[in-house]
1. When you scan the range 165-183, how many residues do you find that are among the basic types (Lys, Arg) and in a helix (DSSP H, G or I)?
2. Please note which strands (runs of 3 or more DSSP E) are completely contained in the range 1-49 and include at least 2 residues that are over 30 Å from Asp280 (Cβ atoms) and modelled with pLDDT under 80.
3. Select from the range 50-69 the residues that are β-branched (Val, Ile, Thr) and modelled with pLDDT of 90 or more and list them in ascending order.
4. When you check Pro171 against the structure, is it more than 22 Å from Phe266 (Cα to Cα), buried (at least 16 other Cβ atoms within 10 Å of the Cβ) and without any contact (Cβ under 8 Å) to a residue 40 or more places away in the chain, yes or no?
5. Just for helices (runs of 4 or more DSSP H) wholly inside the range 226-299: which have at least 2 residues that are aliphatic (A, V, I, L, M)?
6. Which pairs do you get when a residue that is in contact (Cβ under 8 Å) with a residue 60 or more places away in the chain and under 15 Å from Arg88 (Cα atoms), found in the range 253-275, comes within reach of a residue that is assigned to a helix (DSSP H, G or I) and charged (D, E, K, R), reach meaning Cβ atoms under 7 angstrom, with the pair 6+ apart or on two chains?
7. From the list Val220, Val194, which residue is touching an Asp or Glu at 6+ places or on another chain (Cβ under 7 Å) and assigned to a helix (DSSP H, G or I)?
8. Got at least one residue in the range 175-184 being closer than 30 Å to Gly51 by Cβ, surrounded by 15 or more Cβ atoms within 10 Å (Cβ to Cβ) and without any contact (Cβ under 8 Å) to a residue 24 or more places away in the chain?
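The values are calculated or read from the model by the stated rules, or taken from the named source; none is laboratory data. None of the values given here were measured: they were computed from a predicted structure. Here the Cβ positions follow ideal geometry from the backbone for every residue, glycine too, while neighbour counts run over all protein chains shown.
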Amino acid sequence: MTGPVGTPPPKPIPLRERASILFIERGELNVLDGAFVVVDDKGVRIQLPVGAITCLMLEPGSRVSHAAVALAARVGCLLMWVGEAGVRLYAAGQPGGTRANRLLYQAALALDDSARLAVVRKMYALRFGEEPPARRSVDQLRGIEGARVRALYATLAQRHEVSWQRRHYDPKDWDSGDIVNRCLSQATACLYGVSEAAILACGYAPAIGFLHTGKARSFVFDIADIYKFDTVVPVAFEVAGLHRKGDRDCVRDPIGEVRRRCRDGFRRSGLLRDIIPAIDAILAAGGKEPPEAHEEAMPVAFQEAQSGEEGHRG
């Protein structure tokens, strides 16, 4: 599958023709007999068409060989090391299935005031199921969104009989927050992991946001906010309510219970598969021509070998 030395690698399959993601749990990824395979704990070998997959999510218990990493990079399959169901994103390889044109496209939208506003309006519409008010700036929409979010928090607190003042947490002092705020922090952290994985799988930059700006994960917060109240926030309030009522699991380990419920919810709903196409639809609202879906350039190592640069290094 790797081919003889000096021959060009196979042309990567365009992203639009690939399966989106595949989760690997408690298996070893390797290259055996020229094929990319996963071997489970019983020694059963399953061949994977790695060149036809956009992203492999490596969950706890998985291991990957050097040969597997090299081949995945060669055919443009992104490897990500994640928690169960993507509730954490620990590390990611270099996206091989995309080009810089996606990053440039994202940056061009963020730097164009009218395009940025159009993207923010699309996010608002997806989040609340209705078009935002006309003739509002990004800052004004942020204020309107904040008021609606506060109302949603209050409604959920009332529904689950939880005492609620406001969203408050200190990342440097975890225990300073009340139980519902700690549950919310855990729930949103789970969603951020899934959202960042989707952004990287699409070949975009987590730092280039539209409503949120100036943070390393600004775009992650943008995307996560769209799904927050349909997925993880109700889980946080439910666990906090059960904790108050004395539920055994929620009293013993409320934060772990939130994480497990989010994990199971992500698996049932296939949230990650929904987020990936939504990102392209959101950015398309900016009105700029999206990058073409075409074959990628040869890997750098092959280009250097062909040009003789490695030989010149001595």
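1. Number of matching residues: 1.
2. In the range 1-49, no matching strands (runs of 3 or more DSSP E) lie anywhere.
3. Val64, Val69
4. In short, no.
5. Because the criterion is at least 2 residues that are aliphatic (A, V, I, L, M), the helices (runs of 4 or more DSSP H) in the range 226-299 that meet it are 232-245, 254-269, 271-284.
6. Listed by first residue and then by second, the contacts come to Ile255/Arg182; Arg263/Glu84.
7. On inspection, the qualifying residue turns out to be Val220.
8. Within the range 175-184, none of the residues are closer than 30 Å to Gly51 by Cβ, surrounded by 15 or more Cβ atoms within 10 Å (Cβ to Cβ) and without any contact (Cβ under 8 Å) to a residue 24 or more places away in the chain.
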